[in-house]
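Data block below; observations after.
The values are calculated or read from the model by the stated rules, or taken from the named source; none is laboratory data. If you're wondering where the values come from, they're calculated on a predicted model, not measured in any experiment. Positions of Cβ are generated from backbone atoms using ideal geometry, with glycine treated the same way; all protein chains shown enter the neighbour counts. Only protein heavy atoms, including side chains, enter the accessible area calculation; ligands, DNA and RNA are left aside. Shrake-Rupley method; radii C 1.70, N 1.55, O 1.52, S 1.80 Å.
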Amino acid sequence: MPDSQPWQPDDHAADAAGATDRPDSAAPAGLVLCGARLTDGRVVDVRLGGGRIEAVGTAGSLTAPGPQLDLRGYLLLPSPVEPHAHSDTALTADGAGPGIPGPASDRPEDIRRRATEAALLQLGHGATALRSHVRIGDVQGLAPLEAVLQASRSLRGLADLTPVAVPRLLTGVAGAGNLAMLRDAVKMGAGAVGGCPDLDPDPAGYAEAVLEVAAEQGCPVDLHTDSDDPARLGRLAAMAGGLRPGVALGPCAGLSRLPLQAAARAADQLAAAGVTVICLPQGGCCGVEGRGTTPVRLLRSAGVRVAAGSGALQDFANPVGRGDPLEAAYLLASQHGLPAAEAYEAVSSVARTAMGLPAVRVEAGFPAELLAVRGEQLPGVLSLPCSRIVVHRGRVVARTSAVRDFCGSETVVALGLPHQGRPDSGSCGGP
């Protein structure tokens with residue numbers, strides 16, 4: 001991340017971000033977010049404490065002995081989350097690195113570094129929780145999973161990174177060892193089990209094996225599938241029905257290539273099974289999808305919960321992936337016709353439900369997982385997301401600043417047109 005750097009607290013608002021997140025560390029007391037605008041148009045103060053929202057009141061009504069953060073000019077939202085990342089392969093589009101030939105390194109220390117860097121990049125966009133699909137089995141065994149778990153521990157207090165164990169094969173003689181390894185992965189700390197049934201010689205057997213392990217271990221399922229076979233998808237939905245703590249599938253772009261009646265019947269089966277579909281508006285991943293995009297409106301009309309993730313982040317499947325939840329929401333609005341509020345819910349409340357996370361609203365008593373974005377209304381924020389301030393567990397954990405100015409333009413000043421600049425930036429937006 002050449003344009004990123006560790007942030008050293010330099011004001012009172014940042015004091016809250018300096019506290020550690022160890023169990024023996026006291027949570028920051030009484031951080032007040034001042035003058036933030038909510039999506040309903042209200043301008044409010046929000047007091048945080050103990051990792052939760054303590055109070056929400058009209059602007060200027062809340063005080064606290066601790067730090068304050070001026071959010072005038074910002075829209076305050078529940079933070080987005082990332083339900084479908086690939087931390088172990090992220091940031092490998094350039095192979096081993098700029099000017100270095102050959103494939104990207106699979107050494108655990110390099111995977112850990114990539115996973116950490118990718119998570120911080122997405123945290124800067126606003127995602128305070130991430131679910132990452134991590135390959136296990138074959139020559140590498142459980143080493144990639146352990147590397148991502150180490151990255152997760154090093155990110156504690158900044159973001160929550162949860163790996164999904166993803167074996168290559170699970171059926172037949174070739175898959176027997178991977179099936180045992182999948183169980184070991186859960187014991188090591190994988191938060192969910194998954195994989196890509198489409199790549200196994202017996203896709204139905206693969207899905208059945210994953211669901212069996214999930215039922216044994218009491219963990220969620222997150223499967224990567226194109227869903228272009230309605231009969232296979234119907235069997236999977238039947239097996240998944242009622243499984244707790246839940247089943248997610250994605251990106252299911254193959255449904256868009258089926259006849260409308262067959263796709264609608266498959267959507268009804270997914271809805272009846274309570275399965276969540278995680279679409280990837282920014283592009284597919286793993287290189288197994290055919291053409292097409294997830295039929296979001298068809299699935300939603302059938303009652304299927306549809307969340308949105310980023311998928312590949314600058315790897316062989318998508319060398320230009322951004323990992324930005326707001327871009328995923330923007331694409332849902334611009335390409336699939338969702339209202340801005342519903343598009344944002346796909347990367348926030350619906351995605352949180354898919355990941356088993358508690359709900360977040362800007363109301364007293366809810367977790368202090370928040371994103372402040374420069375802007376006044378949600379459609380504008382999705383169209384041109386600029387400066388962002390990220391709050392995780394009641395602490396400011398990331399800031400992304402964008403400066404937009406127009407050199408020597410009297411028109412901007414005369415008409416009061418929006419721009420973002422430093423107070424001391426002068427006529428050309430910077431020193």
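Values as computed for the structure displayed
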{"item": "Cubic angstrom per residue, convex hull over Cα atoms of the chain", "result": "158 Å³"}
{"item": "Furthest towards positive pole of dipole, Pro230, Leu249, Ala272, structure part region 217-273, Cβ charges", "result": "Ala272"}
{"item": "For Ser348, solvent-accessible area (1.4 Å; no DNA, RNA or ligand), Å²", "result": "10 Å²"}
{"item": "Amide proton proximity set for His84, modelled H, under 5 Å, gap of 5+", "result": "Arg131, Ser310, Gly311"}
{"item": "Protein-only accessible surface order, largest first, of Glu117, Glu376 at 1.4 Å", "result": "Glu376, Glu117"}
{"item": "For region 157-168, Karplus couplings with θ = phi - 60° (6.51, -1.76, 1.60), whole Hz, Gly/Pro x", "result": "x, 9, 7, 9, 10, 10, x, 10, 6, 10, x, 6"}
{"item": "Net lengthening on full extension, Asp202/Asp94 (0.36 nm per residue, minus Cα-Cα)", "result": "35.5 nm"}
{"item": "Heavy-atom accessible area ranking, 1.4 Å probe, most first, across Phe406, Phe366", "result": "Phe406, Phe366"}
{"item": "Rounded tilt (10° steps) of 260-273 against the dominant C-alpha axis of the chain", "result": "80 degrees"}
{"item": "Per-q log10 I(q)/I(0), region 168-295, q = 0.14, 0.22 Å⁻¹ (Debye; single scatterer per alpha-carbon; no solvent)", "result": "-0.58, -1.34"}
{"item": "Heavy-atom accessible surface of the chain: percent carbon and sulfur, 1.4 Å", "result": "52 percent"}
{"item": "Sum of -39500 (n - 2.57) over DSSP H runs of 4+, divided by residues of the chain (222 nm, nearest 500)", "result": "-9500 deg cm²/dmol"}
{"item": "Gain upon complete extension [Arg361, Arg183; 0.36 nm per residue less C-alpha separation]", "result": "60.5 nm"}
{"item": "Amide H contacts of Arg404 (H built 1.01 Å from N, under 5 Å, at least 5 apart or other chain)", "result": "Gln420, Gly421"}
{"item": "Total formal charge among the other residues, if their Cβ is under 13 angstrom from that of Leu161, Lys/Arg +1 and Asp/Glu -1", "result": "+1"}
{"item": "Which of Arg72, Arg183 is most accessible, then next, and so on - probe 1.4 Å", "result": "Arg72, Arg183"}
{"item": "Region 206-274-region 67-94 distance, computed between alpha-carbon centres (Å)", "result": "28 Å"}
{"item": "Centroid-to-centroid separation of region 385-401 and region 154-186 [C-alpha atoms, Å]", "result": "31 Å"}
{"item": "Share of Cα-Cα pairs in region 272-368 lying beyond 20 Å, as whole percent", "result": "40 percent"}
{"item": "Virtual paramagnetic centre 7 Å along Cα→Cβ of Ala143, amide N under 13 Å, in region 112-130", "result": "112"}
{"item": "Accessible area per residue, Å², region 192-285 with all protein chains present, probe 1.4 Å", "result": "35 Å²"}
{"item": "Accessible area (Å², 1.4 Å probe, nearest 10) - Arg399", "result": "80 Å²"}
{"item": "Environment charge at Leu179 (Cβ cut-off 13 Å; Lys +1, Arg +1, Asp -1, Glu -1)", "result": "-4"}
